[in-house]
Amino acid sequence: MEQVLQQLVNGISLGSIYALIALGYTMVYGIINLINFAHGDIYMIGAYVGFAATTFFGLGFIPALIVSMIITAVLGVVVEKVAYKPIRKSTRIAALITAISVSLFLEYGMMYFVKAETRTFPEVLPSKNFRLGNVILNNKDVYIVIVTVVMMLILQYIIHKTKIGMAMRAASMDSEAAQLMGISVDNTISVTFALGSCLAGVAGVLVGVYYNSIDPLMGMMPGIKAFIAAVIGGIGVIPGAMFGGYLLGITETMVSAAGYSLYKDAVAFAILILMLLIKPKGLFGKNVREKV
Amino acid sequence: MKRLSVVLAMVLILSLFTGCSSQQAAAPAQSTDGADTVKVGLNYELSGNVATYGQSLTEGIELAMEEINNNGGLLGKQVELVKADNKSDNAEAANVATKLITRDKVVTILGPATSGNTKGAIPVAMQHKVPLISASATADDVTVDSNGNVREFIFKTCFSDSFQGVIMANFAGQDLGAKKAAILIDTTSDYSKGLATSFKDKFENLGGTIVTQQAYQTKDKDFRAVLTNIKSVNPDVLYLPGYYEEVGLIAKQARELGLNAPILGGDGYDSPKLLELAGKEALNHVYFTNHYSSMDDSPEVVKFKEAFNKKYGKDPDAFNALGYDLAYFFADALVRAGEADPVKIKDALATTKNFKGITGTLTVDENHNPIKAITIIEMKDGVQTFLKKQEP
């Protein structure tokens, strides 16, 4: 029993990262129907910004997090303006290919500047262990979950209680009608990219602090996993992405716990395939109106 | 028409160049016998993902060759090193070997560093009958092919993977008194699997049991699930053969989860990155087998350390020491061969006995593997300390 609880803790920490990245995926998809494959690489750049902030400028955990959020938000907007906006009217396959090339550009561009070797974060959060019975809880586990939940709440607030949030919802429902109502769709899309990217930046810094190891290709796998998480929750649905992230994290951990650690990626992809076959709208995707 | 003439002109220019280079290549070939230098090729990982290994080995070799040349060279000739970068790539290692042999006419190739790249260069060396010596390719099948036949021109000066596993199993069973061992391997690495197999066989032979065997893959970042599994069976030791990138993360996460059993491993731990990744609290009760320890205070090692420090301004690591030994190992064979001829050098290499180096005294066995001592290193608060030297 204790072991199951411990594995649950492990799964929730891992799931938080997937959830944070998946939120950005899902927002962007919700508004322009684009699977932004470069999202995982924005997460990687967020980690490097956090690394630079803590290593070279000696910032603490929270300031580094904020710097990283700002820079990744700007980067997200730049990517959108430069790469995605000119092809917004093109076919979806063109957009998808563009997204993949932006992803490769960021990965190998970054590798050119920072070299392929792994970097390690300075210890900005001294490690402390809490014991609940025989279950060991690290303070970083706690941070990761708290930051994720807080981010999700802020996001929910922005989307449901603010004017820009209303604009985002309107634009995702019907962008032409929104435009006719006087909403600047371009600005709304930019804000969506900024928000989504800044969440990826947060995830990057958290991973840097939690695992203490970053490299230019670190965004590939988590990016794809987050995509699976977003699909599980119903792509375009924000609480769904969060749920999908945790579900995937816990599933992977439980697969490893059962002694099949080598199959954990296979299981994740099997879930993706099953989900797309059986319930392509995801677990929470019922309420989303299909655009015709 | 104009375009055609441009193309034709370019073809002409190109053919001129190729004509030139083939003449250049031919020139040193004629003069090799009468030349006043002995050419030795270095086929190393000077860039790419295991670049630190190649660079360290090259530093060691250059230091040794400088000493040799200052003392009058070998057989009355100066030694000339021809350096080439194989970019940490198997195919490139083969290309570089071809270039060194056919273009530079080297009498012996030193390198590459890793087993994989060495295997890439082996067919070329065998085909041209030029000796190839690696100082750090620890895989068991470097000098022996899959049918068990010795590769005539291939040698190595480091112990084999299986030997590392056996030594660690002895250490775990006898010195640490362990009865239950857990194994965690990288299933994508032959090195890791090789070490684990020999550890397991020996440990069970000594009466111990392997309570669990878990696996991960290179580039994984989260090991908490498998480590929780390992912790639940409460092993006396954790055998973790792998490379520093994953081992660093695993050690850190293991200690965070309260898995405090000693961690045992092999020469893949030897990198300053290990400490950066794991942090110093995690690196206690960590033991690994290595080629050499800079803490060893035997007179030869002290002398080497001083010379190295003077030239490079830093303490030598194991790969520097291996490179240094490799150069002298070659020099010893060349002098006994009496002539800078690849086949004679090969015969001399195969009969090396009690060659005294920094990393131990070695004798080449019938499989072209060295019989030599192994060093066990203990990490205390992230610092490597010399624990003991184990004679074979």
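The values are calculated or read from the model by the stated rules, or taken from the named source; none is laboratory data. Predicted model only: the values in this text are computed from it and were never measured. Cβ atoms come from the backbone with ideal geometry, glycine included; neighbour counts cover every protein chain shown.
Laid out as a table, the results:
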item: Region B:94-111 residues that are more than 10 Å from B:Lys83 (Cα to Cα), paired with ones that are modelled with pLDDT of 95 or more and in a loop (DSSP other than H, G, I, E, B) (beta carbon under 6 Å, 6 or more apart); result: B:Ile101/B:Val130; B:Thr108/B:Pro131
item: Scan of region A:51-60 for residues that are surrounded by fewer than 18 Cβ atoms within 10 Å (Cβ to Cβ), within 17 Å of A:Ile214 (Cβ to Cβ) and in contact (Cβ under 8 Å) with a residue 12 or more places away in the chain, ordered by number; result: A:Thr55
item: Verdict on A:Thr192 being within 19 Å of A:Thr148 (Cα to Cα) and out of contact with any Phe, Trp or Tyr (no Cβ under 9 Å at 6 or more places or on another chain); result: yes
item: Positions within region B:223-244 being touching a Phe, Trp or Tyr at 6+ places or on another chain (Cβ under 7 Å) and at the interface with chain A (Cβ under 9 Å from one of its Cβ atoms), in sequence order; result: B:Phe223, B:Val226
item: Residues within region B:344-354 that are surrounded by 15 or more Cβ atoms within 10 Å (Cβ to Cβ) and either farther than 20 Å from B:Val40 by Cα or of a type in the set (Val, Ile, Thr) (or both), tallied; result: 2
item: Condition broken by B:Ala93, with the remaining ones in (1) in the same structural domain as B:Gly357 (by TED's automatic domain parsing); (2) modelled with pLDDT under 90 satisfied; result: (2)
item: Failed criterion for A:Ala170 (all others in (1) over 29 Å from A:Leu276 (Cβ atoms); (2) small (Gly, Ala, Ser); (3) over 22 Å from the mean Cα position of the chain (by Cα); (4) in a helix (DSSP H, G or I) hold); result: (1)
item: Candidate set from region B:259-293 (those that are within 14 Å of chain A (Cβ to nearest Cβ), of a type outside the set (Lys, Arg) and assigned to a loop (DSSP other than H, G, I, E, B)); member that is nearest to A:Val124 (Cα to Cα); result: B:Gly279
item: Listing of helices (runs of 4 or more DSSP H) fully contained in region A:1-91 that carry 1 or more residues being touching a strand residue (DSSP E or B) at 6+ places or on another chain (Cβ under 7 Å) and among the charged types (D, E, K, R); result: A:2-32
item: Options A:Gln7, A:Gln3; residue that is touching a helix residue (DSSP H, G or I) at 6+ places or on another chain (Cβ under 9 Å), touching a residue at least 12 places away in the same chain (Cβ under 8 Å) and surrounded by fewer than 19 Cβ atoms within 10 Å (Cβ to Cβ); result: A:Gln3
item: So A:Ile154, is it assigned to a helix (DSSP H, G or I) and loosely packed, with under 14 Cβ neighbours inside 10 Å; result: yes
item: Filter result for A:Thr91 (more than 19 Å from the chain's Cα centre (by Cα), of a type in the set (S, T, N, Q) and more than 13 Å from chain B (Cβ to nearest Cβ)); result: yes
item: Condition met for A:Leu14 (within 24 Å of A:Val209 (Cβ to Cβ) and hydrophobic (A, V, I, L, M, F, W, C)); result: yes
item: Residues (within 14 Å of chain A (Cβ to nearest Cβ) and hydroxyl-bearing (Ser, Thr, Tyr)) located in region B:48-65; result: B:Thr52, B:Tyr53
item: Number of the exception - B:Thr218 against (1) at the interface with chain A (Cβ under 8 Å from one of its Cβ atoms); (2) in contact (Cβ under 8 Å) with a residue 24 or more places away in the chain; (3) surrounded by fewer than 24 Cβ atoms within 10 Å (Cβ to Cβ); result: (1)
item: Pairs where the first residue, in region B:326-350, is under 18 Å from B:Gly76 (Cβ atoms) and the second is surrounded by fewer than 17 Cβ atoms within 10 Å (Cβ to Cβ), C-beta under 6 Å, 6+ apart; result: B:Ala348/B:Arg336
item: Test: residue in region A:115-135 that is farther than 21 Å from B:Gln253 by Cβ, surrounded by fewer than 18 Cβ atoms within 10 Å (Cβ to Cβ) and within 14 Å of another protein chain (Cβ to nearest Cβ); result: yes
item: Members of region B:351-367 found to be of a type in the set (D, E, K, R) and free of Cβ contacts under 8 Å to residues at least 60 places away in the same chain, listed by number; result: B:Lys353, B:Lys356, B:Asp365
item: Which listed residue is in contact with a Gly (Cβ under 6 Å, 6 or more places away or on another chain), surrounded by 23 or more Cβ atoms within 10 Å (Cβ to Cβ) and not assigned by TED's automatic domain parsing to the domain that holds B:Asp317, from B:Leu283, B:Leu249; result: B:Leu283
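Here is a yes/no grid of residues against (1) surrounded by fewer than 18 Cβ atoms within 10 Å (Cβ to Cβ); (2) at pLDDT 55 or above; (3) farther than 30 Å from B:Asp267 by Cβ; (4) among the aromatic types (Phe, Trp, Tyr):
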residue	(1), (2), (3), (4)
B:Met1	yes, no, yes, no
B:Leu14	yes, no, yes, no
B:Ala26	yes, no, yes, no
B:Ser47	yes, yes, no, no
B:Ser56	no, yes, no, no
B:Ala64	no, yes, no, no
